[in-house]
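One structure below.
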C-alpha cells in the first residue's frame with residue numbers, strides 16, 4: 001500500500017515537469033473569434049426563457065444560390081467554414097458580407113436572406129438556441 005502511494009506521489013510530481021517540457025507546437029492556442037452582446041442588426045441577444053434546446057447543423061450553399069427570405073424567432077449563430085456569404089436584412093436595409101473564419105450572430109425576427117455570389121461553395125456551421133421542439137426558420141410567404 002505504501003509503495004502504491006509512493007509511486008502515485010512520484011507520478012503526480014513528475015507530471016508538471018513533463019507538461020513544461022512539451023514543444024511549443026503541441027501547446028493549445030486559443031484565438032478569440034467574436035465577443036458580442038448584440039446581433040448583426042444591433043439587437044440585444046436574448047436566450048429562450050424555457051426548456052432551451054441547442055441544434056447544430058451544417059449548411060453547404062452552392063455558388064450562385066440565393067436562400068429564400070426568412071426570419072428566426074430564436075437566436076441563431078453561424079460560423080463560416082469556407083467561402084463568402086452576403087446577408088441582406090430587409091427590415092433595416094443592411095447588407096453584410098461574411099467570409100471564411102467569420103462568426104455571424106443573426107438577427108432575430110427580422111426578414112433577411114443570404115446569397116453565395118462567389119465561385120466556391122459556402123460552408124456554414126449553424127447553431128440554433130430554441131425553446132425545446134420549436135423550429136427556428138420561418139419562410140416569408
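Please give the length that would be gained between residue 38 and residue 139 if that part of the chain were fully extended, namely 0.36 nm times their separation in residues minus their C-alpha to C-alpha distance (nm, one decimal).
34.0 nm
Taking 8 Å as the Cα distance limit and 6 or more residues as the minimum spacing, I'd like the relative contact order of region 46-141 as a percentage.
On the way: 254 pairs, mean separation 44.3, N = 96.
RCO, region 46-141: 46 percent.
Semi-axes of the equivalent ellipsoid for region 52-139, please: Cα gyration tensor eigenvalues, times 5, square-rooted, ordered largest first, whole Å.
The answer is 21, 15, 11 Å, longest axis first.
Bear in mind these aren't lab numbers, they're just calculated from the coordinates by the rules spelled out. What you see is a predicted model, and the numbers here were worked out from it, not measured in a lab.
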